Amino acid sequence: MEKPIIVWFRRDLRLADHAALSAAVATGQPVVPVFVLDDASPARWRAGAATRWWLHFSLEQLGRSLAERGGALVLRRGDARQVLVELAAECEAAGVYCTRGYEPWAGDLEIDLRDRLAASGVVLKRFAGALLHDPDRLKTQAGSPFKVFTPFWNALRRVEIARPLDVPPRIPLPAKKPKSERLQDWKLLPRRPDWAGGLRDAWTPGESAARERLVAFLDDGLADYATQRNRPDRAGTSRLSPHLAFGEISVRQCWFAAKSAAGRVPHSDAGPETFLKELAWREFSAHLLHHWPTLPDDPFRKEFAAFPWRPDAKALKAWQRGMTGYPIVDAGMRELWATGWMHNRVRMIVASFLIKDLLQPWQDGEAWFWDTLVDADLANNAASWQWVAGSGADAAPYFRIFNPIKQGETFDPDGSYVRRWVPELAALPAAAIHAPWLARGDVLAAAGVEIGVSYPAPIVDHGEARQAALSAFASLKGSSAD
């Protein structure tokens, strides 16, 4: 009897461009695809509620896709190391193949798993696939990891990136399929209350939807991406981020598709170039996390450990609920709660507001995003929050403080985005919608808006908050940077 190969699916829930799966099929031996729901990672970084919702439907489609090619997905819960060792013994596997992980705990987990399997004569093979290039192989001329994006981007463009792999035509099952748990029993979906209606309306998880989303973006959005991606009132972004976060499509697939489409984009290569840079920012974040595994918890620039935050549960809650009195901030936070996603420009605005207007620790915003985003990605989340906070690698200067009124007027000039997500302000004219508390009384009355009643007054004065933030930053001067 041929010994099977276990393919351990992680954040790579696809069949295309899956090196571990392709290698397992190429052996000619039976294949046992398995997904392990492992909540043994640090409690702070267990999958959030929105992530679990997406995971349910992504696993459903992965199971169907495997079945169409003769395979069958096995579902197990528990510590991945223990589960995989037990599964290998149960089906007398020859090996366990997986895509390498880059979370802070992933390396130790994989080494421990390798040693446990080896004790039983089972080999663990790890394959690339989560990133464009190995973080241990892309270094500065001095041999150190990159801390600045532009030289990282220039170096990444010079390396040869392998082309994506095709879907294996058939995935052979072992004679005896291991038992699988039922997906429904994992209770990944909300029960009472069912808060996921907006997610269902906004998204279709799974590999097929990811491919369709990429094609649609290349056809309709790539050409104007450079000019439209900062407008939350328009459909100017790819909306591929949750599909990438779950590995329903690989970054290599997106990279090569965009490069191939570049020649067909009329007038300019700015759209494709900007999109490739966004993929590179994702890569840069992953490289930072790999080399500095404390990035999600501690400031990259050590002097920021002494920053004089002013934790305020009431202010944090107002921000989370989209009730700050600043329409562009509130629109973003409500979009996040309703759909599990927020436009990237607005992510920067709401992050700046939490950190610099409210002086709340960036880790609190990071944790809220982790729980509510369908595209929650540890590296992206940590690096982005630290970028806004000024404490990260290649970060925005702390004294760059977004004015939420001007940001709204610049990137949502007609107020369409605010009207969609803050409907109590929908009747206000564009000239008043981003600072309604400054509008004349007759304008507010005509729109049915009463500040402090139908819509909150600003919880802080931005001008005063800006000065407080700058004073707090000035207190750090003289501290040594990393």
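Bear in mind that the values in this text are calculations on the coordinates, not laboratory data. Quick caveat: nothing in here was measured; it's all calculated off a predicted structure. Using ideal geometry, Cβ is built from the backbone for each residue, glycine included, and neighbour counts are taken over all protein chains shown.
Numerical summary
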read-out: Inter-label distance for Glu60 and Ala472, nm, one decimal - labels placed 7 Å from Cα along Cα-to-Cβ; value: 4.3 nm
read-out: Calculated FRET efficiency for the pair Asp108/Phe256, C-beta based, R₀ 35 Å, to 0.05; value: 0.60
read-out: Qualifying aspartates and glutamates (Cα of each under 15 Å from Cα of Lys139; at least 8 residues distant if same chain); value: Glu160, Glu283
read-out: Relative contact order for segment 99-195, counting Cα pairs under 8 Å that sit 6 or more residues apart, in percent; value: 19 percent
read-out: Rounded FRET efficiency, nearest 0.05, which uses the C-beta distance separating Asp312 from Thr204 and R0 of 60 Å; value: 0.95
read-out: Trypsin sites (Lys or Arg not before Pro) restricted to DSSP loop in segment 193-270 with at most 11 other C-beta within 10 Å; value: Arg264
read-out: Helix-only CD estimate at 222 nm, as mean residue ellipticity for the chain, using -39500 (n - 2.57) per DSSP H run (n ≥ 4); value: -13500 deg cm²/dmol
read-out: Segment 5-130: relative contact order in percent, alpha carbon pairs under 8 Å with at least 6 residues between; value: 34 percent
read-out: C-alpha long axis of helix 378-389 to longest principal axis of the chain, angle in °; value: 20 degrees
read-out: Calculated FRET efficiency for the pair Glu450/Gln82, C-beta based, R₀ 56 Å, to 0.05; value: 0.45
read-out: Protection proxy ranking of 311-318, 416-423, 465-472 - average other beta-carbon atoms within 10 Å, highest first; value: 416-423, 465-472, 311-318
read-out: Over 31 Å (Cα to Cα) - which of Lys277/Lys314; Lys177/Lys259; Lys125/Lys179 fall in this group; value: Lys277/Lys314; Lys177/Lys259
read-out: Gained length - Glu273 relative to Lys177, 0.36 nm times residue gap less alpha-carbon distance; value: 29.9 nm
read-out: Cross-link reach list, lysines versus Lys302, counting only Cα pairs under 21 Å and skipping chain neighbours closer than eight places; value: Lys147, Lys356, Lys477
read-out: Global form of segment 268-329, assessed from the alpha-carbon gyration tensor, a/c cut-off 1.5; value: oblate
read-out: Global geometry of the chain, whether rounded, prolate or oblate, following the gyration tensor of its Cα atoms and the 1.5 cut on a/c; value: prolate
